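Notes follow once the structure below has been shown.
The values are calculated or read from the model by the stated rules, or taken from the named source; none is laboratory data. Keep in mind it's a predicted model, so treat the numbers as computed, not measured. Cβ sites come from the backbone with ideal geometry, for glycine too, and all protein chains shown count toward neighbours. Only protein heavy atoms, including side chains, enter the accessible area calculation; ligands, DNA and RNA are left aside. Shrake-Rupley method; radii C 1.70, N 1.55, O 1.52, S 1.80 Å.
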Amino acid sequence: EKWKIIYFTGLFDGEGTIYFSKNKIFSKKWNKTYERINPIIIISNTNKKLIYWLKKNFGGSIHYKKLNFRKDSYRWYSSGNNLKLIKKCLPYLIIKKENAKLYIKYYQTLSQGKKLSKKNLKIREYILKKSHELNRKGKKL
């Protein structure tokens, strides 16, 4: 439903982020350890009902954090392939538009079970660096 996409987009643009994590993984197929960059979409809010609505409508998982002297925080996480969702959000995004473009670019580097090319590895490293710059808090340098 279009209204859900538009509502999600507003939540994501204001309360969300796309985080790219870098992990070391051992591959039995290739018999070696390699670094993997993985995108995660996160929306944080203090409203439990809202976060459970996200899970019901878009899948993912929920993390609860009890905070001292502040309202408890809930986070909706999705580390699956949400390419279709992000593409639908793109025209409505204002703040997170560049993050969404990086997410789309990441999925264009998929190798379908084959070893990543050096070109795609460089693209992913660029995405990781650029996303960390976009997500940096405080004054922009």
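Some observations on this one:
- Residue in segment 25-35 that is within 19 Å of residue 131 (Cα to Cα) and either open to solvent by less than 80 Å² (accessible area, probe 1.4 Å) or assigned to a strand (DSSP E or B) (or both) present: yes
- Condition met for residue 20 (within 27 Å of residue 118 (Cβ to Cβ) and at pLDDT below 95): yes
- Any hit, segment 82-93, residues being loosely packed, with under 12 Cβ neighbours inside 10 Å and either hydroxyl-bearing (Ser, Thr, Tyr) or in contact with a strand residue (DSSP E or B) (Cβ under 8 Å, 6 or more places away or on another chain) (or both): no
- Number of residues in segment 82-141 that are over 24 Å from residue 32 (Cβ atoms) and of a type in the set (A, V, I, L, M, F, W, C) equals 13.
Yes/no per residue for (1) within 19 Å of the chain's Cα centre (by Cα); (2) at pLDDT 90 or above; (3) open to solvent by less than 50 Å² (accessible area, probe 1.4 Å):
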| position | (1), (2), (3) |
| --- | --- |
| 104 | yes, yes, yes |
| 110 | yes, no, no |
| 115 | no, no, no |
| 119 | no, yes, no |
| 123 | yes, yes, yes |
| 126 | yes, yes, no |
| 129 | yes, yes, no |
| 140 | no, no, no |
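- Filter pass, residue 74 being surrounded by 11 or more Cβ atoms within 10 Å (Cβ to Cβ), of a type in the set (Ser, Thr, Tyr), within 30 Å of residue 122 (Cα to Cα) and under 17 Å from the mean Cα position of the chain (by Cα): no
- Residues located in segment 6-24, provided they are among the aliphatic types (A, V, I, L, M), open to solvent by less than 30 Å² (accessible area, probe 1.4 Å) and more than 18 Å from residue 128 (Cβ to Cβ): 11
- Tally, over segment 36-57, of residues that are over 21 Å from residue 135 (Cα atoms) and either open to solvent by 50 Å² or more (accessible area, probe 1.4 Å) or at pLDDT below 95 (or both): 7
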